[in-house]
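Note sheet for the following structure.
The values are calculated or read from the model by the stated rules, or taken from the named source; none is laboratory data. Because the structure is a prediction, the values reported are computed rather than measured. Every residue, glycine among them, receives a Cβ derived from its backbone with ideal geometry; neighbour counts consider all protein chains shown. Heads up: the accessible areas ignore ligands, DNA and RNA and are worked out on the full protein's heavy atoms, side chains in. Shrake-Rupley method; radii C 1.70, N 1.55, O 1.52, S 1.80 Å.
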Amino acid sequence: MTAILFIAFVFLMMIGVPIAFAIGGSAMLAIYADGIPLMLVVQQMFQGVNSFALVAVPMFILAGDLMSQGKMSERLVSFSESIFGFLKGGLFLVAVGAGMFFAAISGSGAATTAAVSTSLVPELEKKGYDPASVSSLIAASGTIGVVIPPSVPMIIYAVISQQSISKLFLSGIFPGVLMGVGLAVVALSQAYHRNYPKGTRFSFSTIWKSFLDSVWGILTPIIILGGIFSGVFTPSEAAVVAVFYAMFVSVFIYRDLGLLDIYKILLKSAVTTSVILFVVSASAALSWILSSWGVPSAIASSVLSFSSDPMILMLLVVGVILLTGVFLETASALIILTPVLLPLVVQIGIDPIHFGVIIVMGLAIGMITPPVAINLYVASSVTQIPLERIARNIIPYLSILIVILLLVVYVPMLI
């Protein structure tokens, strides 16, 4: 039965069937072949999205879209430039800093990449920076968007693994900052090697002015994360607060969004949400089948037979995560891998919260590894730079992110 399921899934993927239909179709075929009523697929799909915690997913997507379409993201970029622009190649640091700022607001890697690319790439190209290199750095910085809280993949992992969303959010802060620092070091070394110019002159008055101009955007992560960690509201409630805050600031303070703009943003966010939740629901049926057939425990036993050393086993797990991220979209990969790998890592003594950060980081790296490299596609579509040029420049950033992932795996105190 398991062979039928996986053969059907791979075949549907190879002929170009959308991922949600490939997952749901293979699940239906396997259930039918096993003589189980097909109504069970519908029940499990409904059960997969019947969770209060998942309310946060469409809300954080909408909040990110509101901020990227308005001027809030541009103001955050200007604030980053006032701080780092005086360094040689400092505008590279602006790209990383702006990515980290927006990551703490949107919860989405693609939204982070789109917002920063739109604001920064034309400006850096005017100042003599290679646009393909800039775009690849911004795409790499976009991976931080799902590690620094809030994070849509972390919410999905928490729902599947029945872990605390707040603990996952708290555990993602330092690894996300570490990713930003690693990207900044690589970017600065490239800037010195290519002799890129300095940006704006350092000035406290400029920093203060840009801070005042962007203070409403800077307050967003403070309100969201402060409210969650202080217990004022839950992560799901925080997502709704983020939407109303973003809408209030964009409409009444910055006044850069009208009713027609909001209508278009609502439609865009609804489409994105429906795609993600359709994948979640279809994957819930697949996960139930795998669990009922005992596939996760069988895989765990097989992997444990290779070695009893947890370090070697975790290296194998990381390899599986990275390889899956190359071929599958983040939410799909997360939903498929979590029920399979979580029992294994718990058996070798890895805390589920620690593993949650590991799997989200590993799949985030998949956002910049073709063929399924959503951040690269977003950067390419925004900047109109061929995907091949951006992909060639991504290798140094990809390498440092993998090194940081291994640090997080083997040095648990980092989270």
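Taking θ = phi - 60°, what integer Hz values does the Karplus form 6.51 cos²θ - 1.76 cosθ + 1.60 yield along the range 374-381, in sequence order, with x for Gly and Pro?
Running phi through 6.51 cos²θ - 1.76 cosθ + 1.60 with θ = phi - 60° gives 4, 5, 5, 5, 5, 4, 5, 5 Hz.
What distance in nm lies between label points placed 7 Å from Cα along the C-beta direction at Ile395 and Phe233?
Each label point lies 7 Å from its Cα, and together they span 4.7 nm.
Under a 10 Å cutoff between Cα atoms, tell me which one of Gly231, Gly35, Gly64 has the largest fluctuation in the Gaussian network model of the chain.
It is Gly35.
Test of understanding: in a Gaussian network model of the chain with alpha carbons linked when under 10 Å, which of Ser78, Ser133, Ser189 would top the mean-square fluctuation ranking?
In the Gaussian network model the winner is Ser189.
Can you give the accessible area of Trp288 in Å² (nearest 10), computed on protein heavy atoms with a 1.4 Å probe?
80 Å²
Calculate, in nm to one decimal, what Arg255 and Phe211 gain on full extension: separation in residues at 0.36 nm each, minus their alpha carbon distance.
Numbers: separation 44, 0.36 × 44 = 15.84 nm, distance 1.81 nm.
Here the answer is 14.0 nm.
Could you calculate the FRET efficiency of Phe86 with Val181 from 1/(1 + (r/R0)^6), where r is the beta carbon distance between them and R0 is 22 Å, rounded to 0.05?
Rounded to the nearest 0.05, the efficiency is 0.70.
In the full protein assembly as shown, how much of His354 is accessible to a 1.4 Å probe, in Å² to the nearest 10?
Using a 1.4 Å probe on the heavy atoms, I get roughly 10 Å².
Treat every Asp and Glu Cβ in the chain as -1 and every Lys and Arg Cβ as +1, leave all other atoms uncharged, and give the resulting dipole magnitude about the Cα centre to the nearest 20 debye.
860 debye
Once you have the Cα-Cα distance between Leu323 and Asn50, take 0.36 nm times their residue separation minus that, and quote the gain in nm to one decimal.
Stretched out fully, the Leu323 to Asn50 stretch lengthens by 95.3 nm.
On average over all directions, what projected area in square nanometres does the chain have, based on the convex hull of its Cα atoms?
Its Cα hull, projected and averaged over all orientations, spans 20.2 nm².
Order Trp208, Trp216 by their accessible area, 1.4 angstrom probe, all chains in place, largest first.
Solvent-accessible surface, decreasing: Trp208, Trp216.
Quickly rank 148-160, 38-50 as a protection proxy: mean count of other C-beta atoms within 10 Å, highest first. Write out the running numbers ahead of the final one.
Values: 148-160: 26.8, 38-50: 15.3.
Highest-to-lowest ranking by the protection proxy: 148-160, 38-50.
Using a Debye calculation, one point per C-alpha and no hydration shell, please list log10 I(q)/I(0) for the range 168-279 at q = 0.10, 0.16, 0.17 Å⁻¹ in order.
With one equal scatterer per Cα and no solvent, log10 I(q)/I(0) is -0.52, -1.14, -1.18.
Which lysines have a Cα less than 26 Å from the Cα of Lys264, not counting those fewer than 8 places away in the same chain?
List returned: Lys71.
Counting only residues 5 or more places away or on other chains, whose amide H sits under 5 Å from the amide H of Ile415 once H atoms are built in the peptide plane?
Residues meeting the amide H criterion: none.
Quick one: what are the phi-derived ³J(HN,Hα) couplings along the range 227-234, Karplus 6.51/-1.76/1.60 with θ = phi - 60°, whole Hz, x for glycine and proline?
3J(HN,Hα) across the range 227-234, in whole Hz: x, 5, 6, 7, x, 5, 8, 7.
For the chain, which whole percent of the accessible surface, found with a 1.4 angstrom probe, sits on carbon and sulfur atoms? Walk me through the intermediate numbers first.
Details: 12210 of 17210 Å².
Taking all protein chains in place, the chain shows 71 percent carbon and sulfur surface.
With each run of n ≥ 4 DSSP H residues scored as -39500 (n - 2.57), what mean residue ellipticity at 222 nm is computed for the chain after dividing by its residue count and rounding to the nearest 500 deg cm²/dmol?
-25500 deg cm²/dmol
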